[in-house]
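The values are calculated or read from the model by the stated rules, or taken from the named source; none is laboratory data. The structure presented is a predicted model; accordingly, all values stated were derived computationally and were not measured. All Cβ positions, glycine included, derive from the backbone under ideal geometry; neighbour counts span all protein chains shown. All accessible areas refer to the heavy atoms of the entire protein, side chains included, with ligands and DNA or RNA removed. Shrake-Rupley method; radii C 1.70, N 1.55, O 1.52, S 1.80 Å.
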Amino acid sequence: MKPGGSEGGSGIFLLGGGLVLMALGMYLFLDSVRVQSGHFGWVSGMVGRGRHGMETTSMGIVFIPFLLGVGVLFFDAGKKWAWWLTGLGLAVIAIEILSRIRFVLDMKTTHLLMILCMVAAGAGMALRAVVKGSKGENQQEK
């Protein structure tokens with residue numbers, strides 16, 4: 001007997017079960033990761049290295065290009081360089097924020113291994129179902 005007590009359906013059972021197992025493992029893995037802000041970003045790290053590694057208390061300097069660009073745009077919106085400066089300022093701010101993000105995995109090693117085994121087992125089951133299904137279709141066509 002195959003899964004479900006009948007001759008057919010093993011591919012669908014393995015694919016569905018594998019995808020569920022893999023999705024559950026990925027959820028548990030991502031649920032265990034905490035996101036926090038780090039000490040230095042891309043811009044603040046360069047400024048800190050210039051000060052012999054001293055941490056800066058304020059990184060308001062990253063707003064200067066953006067604020068200058070906005071000020072010039074309110075004076076004369078036709079200046080192309082002001083649009084570029086504003087865009088560059090926004091890009092620097094976004095890079096600084098994103099480069100400060102740190103991911104912390106806070107779990108026991110045994111839990112991590114079980115979660116990774118769930119993901120691997122689910123992927124193996126789903127792959128087996130896909131490979132077995134494609135072989136069965138090729139044999140039926142001949």
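Odds and ends about this structure:
- Test: Val119 is in contact with a Gly (Cβ under 9 Å, 6 or more places away or on another chain) and under 30 Å from Ile12 (Cβ atoms): yes
- Criterion violated by Met107 - all others in (1) in a helix (DSSP H, G or I); (2) within 30 Å of Ala129 (Cβ to Cβ); (3) at pLDDT 80 or above satisfied: (1)
- A search for C-beta distances below 7 Å between a residue of region 98-109 that is more than 14 Å from Ser37 (Cα to Cα) and any residue that is of a type in the set (Lys, Arg) and open to solvent by 60 Å² or more (accessible area, probe 1.4 Å), counting only pairs 6+ apart in sequence or on different chains, returns Asp106/Arg34.
- Candidates Gly124, Gly133, Gly71 - the one that is modelled with pLDDT of 85 or more, under 32 Å from the mean Cα position of the chain (by Cα) and either outside any helix (DSSP H, G or I) or not hydrophobic (A, V, I, L, M, F, W, C) (or both): Gly124
- Qualifying residue in region 35-58 (condition: modelled with pLDDT of 75 or more and of a type in the set (Lys, Arg)): no
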